[in-house]
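Visitor: The structure is given below, and queries will be raised subsequently.
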């Protein structure tokens, strides 16, 4: 019994850097996910419709994808922490411009700028998470960082719908800017995080030669397109089809966020069971959730319950996907995470623009049905990805970079 207690006491702790990175994820997530629930209010303000307003979300996705593809190599050259800080400054400027936009075109432009900043911030965050993670606790550490998406859902997205109803949608962006300043304060010790090589920044496209990356990126594209395609229009479905107030979308986002956060407590089992064998199963579970969602789309209480499990399944899938990608090649981790972010937000663009016409013609259940098909593609691609890489060894974690990351 004494030996067991001593072993437990010697278990490496999750470093403080993970919690700072969690706040940064929450900041990016609050912007990328808040527009869906408040889109009806934004559309009314600009005398437009929801699909037109969601072009701002598509612009954010395109900006993020382009930035991650063209600039993520700077992470491996100058250090992830330093690049994260610069990206956050640009991101806050874009948020302020979004809230002050006088016309829809200006709003879309501001969201494009936000995407350019996010495309550098997200790969930096995921790279720092890998550097900070103690050996054997990679999934736990990443789970803490990914909890930022829960913060954005629970404290950001769910409240944004209420704030939009009470004070107008512009107040939502004002609040996020204030929260962003607080998040930046936690990045002070991360300014030198990562390994600054000083060499010319490699293009993330060079990481396409890494063995095993292609099927994982395909899985990422299908996974994210299904999520953003469904999420973009669920708020309008609740408001226009079910006749509920905009704040109903906030409660739905809250349920999703609580489900996403609940899975954090299961992350330690991922390290024990192995990410490679779990990823196809998790993607299949996400597909099953979409199938149920298509069947209960007419019932708000049933949707709330299903969305909770949607959050749980998405957290598990995202955690394992990033673990698998980050473990492929430690020397190109910044470039690989850049490719991941680029594919993710190209999928955001494809989801919001491609799902829109289907939603207009066939309604929300058809969106969930298309998402089922995409998740089958994701599960198959994940199953075909090579399993030869051992995450704990390939992560390239050493005491030095973990210290640099703020641990």
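Visitor: Taking the condition of being more than 14 Å from residue 32 (Cβ to Cβ) and in a helix (DSSP H, G or I), how many residues in the stretch 344-365 meet it?
Guide: First pass over the stretch 344-365, keeping only residues more than 14 Å from residue 32 (Cβ to Cβ): 350, 353-365.
Going one step further and asking which of them are in a helix (DSSP H, G or I), we end up with 350, 353-362, 364-365.
Here the count works out to 13.
Visitor: Would the stretch 323-335 turn up any residue that is within 12 Å of residue 122 (Cα to Cα), surrounded by 23 or more Cβ atoms within 10 Å (Cβ to Cβ) and in contact (Cβ under 8 Å) with a residue 60 or more places away in the chain?
Guide: Looking for residues that are within 12 Å of residue 122 (Cα to Cα), surrounded by 23 or more Cβ atoms within 10 Å (Cβ to Cβ) and in contact (Cβ under 8 Å) with a residue 60 or more places away in the chain, one finds at least one in the stretch 323-335, hence yes.
Visitor: With the structure loaded, tell me whether residue 152 is at pLDDT below 70 and assigned to a helix (DSSP H, G or I) or whether it fails that test. I'd like the intermediate steps shown before the answer.
Guide: On the way: at pLDDT below 70: no; assigned to a helix (DSSP H, G or I): yes.
Considered against the rule, which asks whether it is at pLDDT below 70 and assigned to a helix (DSSP H, G or I), residue 152 comes out as no.
Visitor: Determine which single condition residue 298 fails, assuming it passes every other condition in (1) over 21 Å from residue 29 (Cα atoms); (2) in a helix (DSSP H, G or I); (3) in contact (Cβ under 8 Å) with a residue 24 or more places away in the chain.
Guide: With respect to (1) over 21 Å from residue 29 (Cα atoms); (2) in a helix (DSSP H, G or I); (3) in contact (Cβ under 8 Å) with a residue 24 or more places away in the chain, residue 298 is out only on (2).
Visitor: Can you find even one residue in the stretch 120-135 that is surrounded by fewer than 24 Cβ atoms within 10 Å (Cβ to Cβ), assigned to a helix (DSSP H, G or I) and free of Cβ contacts under 8 Å to residues at least 60 places away in the same chain? Steps first, please.
Guide: Pass one, the stretch 120-135, residues surrounded by fewer than 24 Cβ atoms within 10 Å (Cβ to Cβ): 134-135.
If we keep only those that are assigned to a helix (DSSP H, G or I) too, we end up with none.
No, every residue in the stretch 120-135 fails to be surrounded by fewer than 24 Cβ atoms within 10 Å (Cβ to Cβ), assigned to a helix (DSSP H, G or I) and free of Cβ contacts under 8 Å to residues at least 60 places away in the same chain.
Rundown of residues vs (1) in a loop (DSSP other than H, G, I, E, B); (2) within 15 Å of the chain's Cα centre (by Cα); (3) surrounded by fewer than 22 Cβ atoms within 10 Å (Cβ to Cβ), yes/no style:
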position: 286; (1), (2), (3): no, no, no
position: 292; (1), (2), (3): no, no, yes
position: 310; (1), (2), (3): no, yes, no
position: 321; (1), (2), (3): no, yes, no
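Visitor: Show the residue pairs meeting these rules: Cβ distance below 9 Å; 6+ apart or different chains; first residue within the stretch 54-82 and at positive phi and buried (at least 24 other Cβ atoms within 10 Å of the Cβ); second residue part of a helix (DSSP H, G or I) and modelled with pLDDT of 80 or more.
Guide: Listed pairs, sorted by first residue: 79/124.
The values are calculated or read from the model by the stated rules, or taken from the named source; none is laboratory data. Bear in mind the structure is a predicted one, so any value in this text is a computation, not a measurement. A quick note on method: Cβ atoms are made from the backbone with ideal geometry, for glycine too, and the neighbour counts reach across all protein chains shown.
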